[in-house]
Amino acid sequence: MTVTYLTTTIPYVNARPHLGFALELVQADVLARHGRQRGHEVRLLTGTDDNSLKNVLAAEAEGIPTQELVDRNADAFAALRVPLALSFDDFIRTSRDPRHRPGVERFWRACADAGDIYRKHYEGLYCVGCEQFYVASELHDGRCPEHDTSPQVVAEENWFFRLSRYQERLHELISTGQLRIEPAARRNEVLSFIAAGLEDFSISRSRDRARGWGIPVPDGEDQVIYVWWDALGNYLTALDYGVDGPAYQQWWVRGDRRVHLLGKGVVRFHAVYWPAMLLSAGVALPTELFVHDYLTVDGHKISKSTGTAVDPVTLVERYGTDAVRWWLLREVPRVGDADFTVDKLTGTTNRDLANDLGNLVHRVVSMQHRYRGGRLPAQWAEAVPGAEALATARREAASQVDAALSNFDFRRATAAVWSIVEEGNRFVETARPWQLARAERDGDTSAAAQLDAVLSTLIGACRDLATHLGPFLPDTAARIEAQCTPVDGRLPATQPLFPRGD
Ligand SMILES: [Zn+2]
């Protein structure tokens, strides 16, 4: 049996969650639900990065203690579970979870024992937004390429990690696909970054600069651990790595797939720093990294300060969980940024869910009531003339979804399921069950048999949809399932799947 450990990145919690992070959560959730549906053992982890200096600064700006701000916003992230219908198995908070600090300390010591941690005086340009040092050539007109702010000059004595030692190993592991990075353009970007030469990086801060917030460097130093070191460690610490617990053995050491989902802004941390840290500590690498691009809103980069941060909870309250999930899965391409607008959301919802899917299920269940008293056929028809394309779509959906999702292509996966919807609607139009019903009433027994075959093909297609849509639209799938499952021998009364949006 395949054992799969899936993670999202853990966002810093200086503000409430926005739609861009909802994308990553929903993608991870689909992979988890799909794996479970195929009988795999799956564990999905998400959480929050509480120890960032950005959280400290946000709390200072509000005039409240850092822990208070962090707790409030972390709760908002954990609470996405219900509105987004997420099925994560674990949620780690790096400032509060008792598993985290012992794991980070053990990991630090493992790298120190390997001779990869040393002290050095350092001066550099630091962006607090990124929690990252930049060299001048990486800046755009002297400003951070992610935040368009001027980095601060920092000079202090820090602990450093000997990243340079792992340059060749990393290049080989990634170029041979032992650490698979998708999409390929991201892998190539990482390979050229590595080939250009890796420099050791600072992994601690003075306690003053960190405002006393974060995990102290082990053994009584007046330094706290670099927040990225601490945050990346969550993928292990949530598995009880700190005490070498059974979860670590099961999911990391003996697991088949260790998959990290992440956004393009944090590729370097996940594809270069993190694997090198794992090599140093003698821990297996992740097997796959999937890098998604960004969402824009009305053509603008998502930004809390300019008011373009869409709140996923508000969207769900207005348009429904599955409308939001469907837009994220159906419209966001595997490569390239996608622009969100409310018009696009309602357009996709009305076209796909209300019209194509909602009408199909409603017509099929209604005809089953009208022509057969809500009773399902005694036997399921095979090879119904005119239903060849529908049969192909039904037969191939599962393997096409498998192939698409193993390639992190959510659009192609939804398209495979959707071909059942499209072919189902087409078959209703060509088979014309209402004409068969008329002929049946007029005593045509071959028309009666044909109608049985057509209806059973269609209800079978709807039941297939309930199965295949499960990972993507769990609520809708359950409602289709309920409409297509007899209670006391008859299907329940028909109800619209989707009240029409506005
Ligand atoms: Zn920045």
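The values are calculated or read from the model by the stated rules, or taken from the named source; none is laboratory data. What you are looking at is a predicted structure, and each value in this text was computed from that prediction instead of being measured. With ideal geometry, Cβ positions are generated from the backbone for all residues, glycine too; neighbour counts draw on all protein chains shown.
Suppose we filter ALA22, ALA28, ALA58 for residues that are surrounded by fewer than 24 Cβ atoms within 10 Å (Cβ to Cβ) and among the aliphatic types (A, V, I, L, M); which single one remains?
Just a single option satisfies the conditions, and that option is ALA58.
Filter region 126-147 for residues that are outside any loop (DSSP other than H, G, I, E, B) and within 12 Å of the ligand (Cβ to nearest atom); which is nearest to ALA196 (Cα to Cα)?
GLU138
Could you please find all residues in region 113-150 being in contact with a Lys or Arg (Cβ under 8 Å, 6 or more places away or on another chain) and not β-branched (Val, Ile, Thr)?
Hits for region 113-150 are GLY115, ASP116, TYR118, GLY129, GLU131, SER150.
If you check GLU123 against the conditions, is it away from the ligand (no atom under 16 Å from the Cβ), of a type in the set (D, E, K, R) and either assigned to a strand (DSSP E or B) or in contact (Cβ under 8 Å) with a residue 12 or more places away in the chain (or both)?
Against the criterion (away from the ligand (no atom under 16 Å from the Cβ), of a type in the set (D, E, K, R) and either assigned to a strand (DSSP E or B) or in contact (Cβ under 8 Å) with a residue 12 or more places away in the chain (or both)), GLU123 qualifies.
Could you please tell me which pairs satisfy a Cβ distance under 7 Å, a separation of 6+ or placement on different chains, a first residue in region 126-141 that is more than 13 Å from ARG268 (Cα to Cα), and a second residue that is within 11 Å of the ligand (Cβ to nearest atom) and of a type in the set (Val, Ile, Thr)?
Matching pairs, first to second residue: CYS127/THR149; GLY129/THR149.
Among the residues that make up region 233-242, is at least one of them buried (at least 23 other Cβ atoms within 10 Å of the Cβ), touching a Ser or Thr at 6+ places or on another chain (Cβ under 7 Å) and modelled with pLDDT of 95 or more?
yes
Quickly run through region 320-362 and pick out the residues that are among the aromatic types (Phe, Trp, Tyr) and either part of a strand (DSSP E or B) or modelled with pLDDT under 95 (or both).
Selection gives PHE340 alone.
Any residue at all in region 368-375 that is touching a Phe, Trp or Tyr at 6+ places or on another chain (Cβ under 6 Å) and assigned to a helix (DSSP H, G or I)?
No; the residues of region 368-375 include none that is touching a Phe, Trp or Tyr at 6+ places or on another chain (Cβ under 6 Å) and assigned to a helix (DSSP H, G or I).
For region 300-309, does any single residue satisfy the condition of being closer than 30 Å to GLU440 by Cα and touching a residue at least 24 places away in the same chain (Cβ under 8 Å)?
No, region 300-309 contains no residue that is closer than 30 Å to GLU440 by Cα and touching a residue at least 24 places away in the same chain (Cβ under 8 Å).
Assigned to a helix (DSSP H, G or I), in contact with a Lys or Arg (Cβ under 6 Å, 6 or more places away or on another chain) and at pLDDT 95 or above: which single residue out of TRP274, TRP251 fits that description?
The unique qualifying residue is TRP251.
Could you list, in sequence order, the residues of region 230-269 that are closer than 22 Å to LEU25 by Cα and aromatic (Phe, Trp, Tyr)?
Result: TYR235, TRP251, TRP252, PHE269.
Would you please name the residue that is farthest from the ligand (Cβ to nearest atom), looking only at residues in region 148-174 that are part of a loop (DSSP other than H, G, I, E, B) and surrounded by 17 or more Cβ atoms within 10 Å (Cβ to Cβ)?
Per the stated criteria, the residue is ARG162.
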